[in-house]
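Encoded as structure tokens, the structure appears first; notes follow it.
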Amino acid sequence: MDARRVWVTVDGEPRLGTVERHTYAPKTGAKLLAVELDEPVGDTERVVVNPNVDEVLYEHEL
């Protein structure tokens, strides 16, 4: 899962990034991905997304 290229939505815009790591939420067990963005959005260089809730598109699926 790590180092995979993904598109995520930040402030309503699609952004390309790389999965740095994945983990699970302590209470719910939901998978979380830490994504480093190729181009920062303002002060945001990294985002954490839940692929079951947030829009995440793996680059190889295009």
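Each reported figure results from applying straightforward, stated rules to the coordinates on display, with no laboratory input. Model, not experiment: these values are computed from the prediction. Cβ sites come from the backbone with ideal geometry, for glycine too, and all protein chains shown count toward neighbours.
Summary of values
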item	result
Top-ranked residue of the range 3-30 - restricted to ones that are hydroxyl-bearing (Ser, Thr, Tyr) and within 13 Å of Val56 (Cα to Cα), ranked as surrounded by the fewest Cβ atoms within 10 Å (Cβ to Cβ)	Thr9
Residues located in the range 46-61, provided they are more than 8 Å from the chain's Cα centre (by Cα) and surrounded by 13 or more Cβ atoms within 10 Å (Cβ to Cβ)	Asp54, Leu57, Tyr58
